[in-house]
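For reference, the structure is listed below as structure tokens.
The values are calculated or read from the model by the stated rules, or taken from the named source; none is laboratory data. Just so it is clear, the model here is predicted, and its values are computed rather than measured. Cβ placement follows ideal geometry from the backbone for every residue including glycine, while neighbour counts extend to all protein chains displayed. When the accessible area is computed, the model is the full protein with side chains, heavy atoms only, and any ligands, DNA or RNA have been set aside. Shrake-Rupley method; radii C 1.70, N 1.55, O 1.52, S 1.80 Å.
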Amino acid sequence: MTTSRIAVIKGDGIGPEVIDEGLRVLQAIDARAGLGLTFEALDLGAERYLRDGTTMPAETMQRLRTEFDAVYLGALGDPRVPSNVHAKDILLGSRFALDLYINLRPIRLLHDRYSILKDKGCEHVDMMVFRENTEGLYTGIGGQFKRDTDDEIAIEQEINTRKGVERIIRAAFAYARANKRKSVCMSDKANAMRHGHDLWQRVWKLVAAEYPEIKTFHLYVDVLCMEMVRTPERFDVIVTNNLFGDIVTDLGAALQGGLGMAASGNIFPGRVSLFEPVHGSAPDIAGKGIANPLAAMLSAGMMLEHLGHAEWELRLREAVKACLRDGKTTRELGGDLGTRQVTDALLERLF
Ligand code: ATP
């Protein structure tokens, strides 16, 4: 039997609460299906940073690269660490060091009750966003000159490499073909950003030509935002850069019923990849046992798919849908259950 080695970083705030429940479900699946999952919890996060100043040791990053198949991450962020340096080193550090170039964000409404759009339901909101995850405006390249003077200059460089643009566009098309999705929409701002986004335009056209069966269209990102709200049913697969992907996927989280339902993967196909719920550490509700664990469950499903168990991603998603249908949810979704009880309800519906 092949085994899958999963590193677990529970993180801060509600992170450990939802990840513990996710682990309970993963272990139950493993006990049932014999997937050969192994788990190792890594002592990283705000507590560790406050204890000894460690954020993400180079040896740990090397271990992630060589000894694990996936990382299951909770949330990072703690009011006692206002700089958020640990989150930056752990999450952004992993994205860059492990070259996790695909930020994959499914935007699926799983029950009509949670739609915030008039006359739109589950059949209208079902799209997969491929956000470039290793370059764009988030590399930190730039500088400040004459800081804190009236003449201050601040420069933030946007990086677009041929390799980086091509591989994320290819990933989106490959997904569309493999999953029989009808269209791929590429979004940029080439009318205003004439160098980097012109590269996106050229590469997109070249790659699209290799996928004649897939409808392709382009929208400037401002139009994309408008259309995602007006006609979400237009979208199957969306591919865009790091900054725009960050923004439109949060808009997408609202369309799918809120942060408690939004899952994500930071992926390098075939290599160690990291899966996390989109929500943060939510210090306002931490420790109360009321955090919604469903985003952590859906992220665990994405991880299982990455590990070669797509059937369990589907089953987990169906179990989440059944919980929503039956009103077995936490308070922010209108239910009256705690984190652990939602997991119990999910387990009852999973097998
Ligand atoms: P961070 O700084 O770590 O990003 P945050 O509190 O600023 O944390 P989020 O945690 O992403 O940001 O979410 C904002 C609010 O949404 C939270 O304060 C919380 O009230 C609510 N929320 C987020 N995730 C959940 C969840 N899983 N269950 C219930 N409510 C949630």
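With within 21 Å of Asp188 (Cα to Cα), of a type outside the set (A, V, I, L, M) and open to solvent by 60 Å² or more (accessible area, probe 1.4 Å) as the only criterion, which of Gln144, Gln157 stands out?
Being within 21 Å of Asp188 (Cα to Cα), of a type outside the set (A, V, I, L, M) and open to solvent by 60 Å² or more (accessible area, probe 1.4 Å) holds for just one of Gln144, Gln157, which is Gln157.
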Would you confirm whether or not segment 53-72 contains a residue that is of a type in the set (Lys, Arg) and within 16 Å of the ligand (Cβ to nearest atom)?
no
Residue satisfying all of: in segment 303-313; touching a strand residue (DSSP E or B) at 6+ places or on another chain (Cβ under 7 Å) and assigned to a helix (DSSP H, G or I); surrounded by the most Cβ atoms within 10 Å (Cβ to Cβ) among these:
Met303
Being away from the ligand (no atom under 16 Å from the Cβ), open to solvent by 20 Å² or more (accessible area, probe 1.4 Å) and not in a loop (DSSP other than H, G, I, E, B) is the filter here; which residues of segment 314-351 pass it?
Leu314, Arg315, Arg317, Glu318, Lys321, Arg325, Asp344, Leu347, Glu348, Arg349
I need the full set of residues from segment 25-64 which are exposed (fewer than 14 other Cβ atoms within 10 Å of the Cβ) and in contact (Cβ under 8 Å) with a residue 60 or more places away in the chain, in order please.
Arg32
Answer with yes or no whether Ala295 is in the same structural domain as Glu17 (by TED's automatic domain parsing), part of a loop (DSSP other than H, G, I, E, B) and not acidic (Asp, Glu).
no
Restricting the search to segment 227-248, which residues are under 26 Å from Arg325 (Cβ atoms) and either buried (at least 23 other Cβ atoms within 10 Å of the Cβ) or within 12 Å of the ligand (Cβ to nearest atom) (or both)?
Met228, Phe235
The lone exception for Ala75 - which of (1) within 16 Å of the ligand (Cβ to nearest atom); (2) at pLDDT below 95 it fails:
(2)
If you scan segment 3-24, which residues turn out to be in contact (Cβ under 8 Å) with a residue 60 or more places away in the chain and of a type in the set (Val, Ile, Thr)?
Ile6, Val8, Ile9, Ile14, Val18, Ile19
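Before we move on, is Ala87 surrounded by 23 or more Cβ atoms within 10 Å (Cβ to Cβ) and closer than 30 Å to Ala319 by Cα?
Spelling it out, it is not the case that Ala87 is surrounded by 23 or more Cβ atoms within 10 Å (Cβ to Cβ) and closer than 30 Å to Ala319 by Cα.
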From the list Ala286, Ala282, Ala254, Ala300, which residue is open to solvent by 20 Å² or more (accessible area, probe 1.4 Å), within 16 Å of the ligand (Cβ to nearest atom), farther than 19 Å from Arg95 by Cβ and under 15 Å from the mean Cα position of the chain (by Cα)?
Ala254
Has segment 90-104 got any residue that is closer than 30 Å to Val272 by Cβ, surrounded by fewer than 21 Cβ atoms within 10 Å (Cβ to Cβ), hydroxyl-bearing (Ser, Thr, Tyr) and in contact with a strand residue (DSSP E or B) (Cβ under 6 Å, 6 or more places away or on another chain)?
no
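Look at Leu219 and say whether it is touching a residue at least 12 places away in the same chain (Cβ under 8 Å), among the aliphatic types (A, V, I, L, M) and within 16 Å of the ligand (Cβ to nearest atom).
Taking the combined requirement at face value, the residue does not satisfy it.
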